Structures are given as C-alpha cells and as structure tokens.
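The values are calculated or read from the model by the stated rules, or taken from the named source; none is laboratory data. It should be emphasised that the depicted structure is a prediction, and the values quoted were computed from it without experimental measurement. Glycine gets a Cβ as well: all are built from the backbone with ideal geometry, and neighbour counts include every protein chain shown.
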Amino acid sequence: MAKLLIVDDENDVREFASHFFQKRKIDTITASSGEEALTLLGDKKPDLILLDIKMGGMDGVETLRHIKGLDQDARVIMVTGKKPEEENALERCRQLGALEYIHKPLILDELERIVMSLLPHT
C-alpha cells in the first residue's frame, strides 16, 4: 500500500487530508511540524510527502531542505496559502526538489489528482 506523509501545523488540515486519502486506500502518517516529519522519515519511509510551507518552528522550505539532505529521492509536494510569486516560494521549492505546489484552501479534485499521479501504483 502506498504511504503518504502529511506535514501541517494545523490539526484540522492534517486530519482532513489523512481521512480523505485513507478512504482512497492510501496509508497516511501525519506530522505537526518539520521536526516531527524528519524524525518519522527514517522509520516510516513514505512514498510521498505533502508539506505545508508556513509552519511554526522549522518552516516547510527548511524542512524540504533537510528532507532532501536525508534522502535526495524523496518525493515532496508543497502546500501553501501563499501565491507562488510571494518570496519566490515556488522557485525556491523547485530548486530544492519539490515536485508540485498546491494552494490552500485545498481543492479536493486538484489535491487528489496530483497526489494520486505521484504515488506509486501498487
């Protein structure tokens, strides 16, 4: 079964996304911070990571940098309420190796299409 790590400091977002993908037979793991996500990576080995950019503590861009330092092949989708042009967020994330960029509020059809297209098919 494909494994998805959802990293967001908003509990509602984490729980909603987790439930949404569990209904689609995706094994989900959640983390409330970048630091927690990094500790889960080694043990859980997710196939794909949904990573919020704006979080307290270590933000998503810094978390992405650390994830790629641990596993250059990690597959990461950035999630944000920012517009892509703000602070060159999209460009910075792509340079660090993010595969996609999804905006909040989450549009379920878009979220499902992008995540399902990037998860390995088992």
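Listed values, structure above:
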quantity	calculated
Near pairs, Cβ below 7 angstrom, 6+ apart or cross-chain, from the range 93-122 (under 16 Å from LEU4 (Cα atoms)) to any residue that is basic (Lys, Arg) and at pLDDT 90 or above	LEU99/ARG75; LEU118/ARG75
Counted residues, the range 1-23 - those being surrounded by 22 or more Cβ atoms within 10 Å (Cβ to Cβ) and free of Cβ contacts under 8 Å to residues at least 60 places away in the same chain	3
Failed criterion for ASP73 (all others in (1) over 14 Å from LEU118 (Cα atoms); (2) out of contact with any Leu (no Cβ under 9 Å at 6 or more places or on another chain); (3) free of Cβ contacts under 8 Å to residues at least 24 places away in the same chain hold)	(1)
Residue check, GLY60 of a type in the set (Gly, Ala, Ser) and out of contact with any strand residue (DSSP E or B) (no Cβ under 6 Å at 6 or more places or on another chain)	no
Sole residue being at pLDDT below 90 and of a type in the set (A, V, I, L, M), chosen from ILE67, ILE77, ILE107	ILE107
Some residue of the range 84-106 being in contact with a Cys (Cβ under 9 Å, 6 or more places away or on another chain), more than 17 Å from PHE20 (Cα to Cα) and among the aliphatic types (A, V, I, L, M)	no
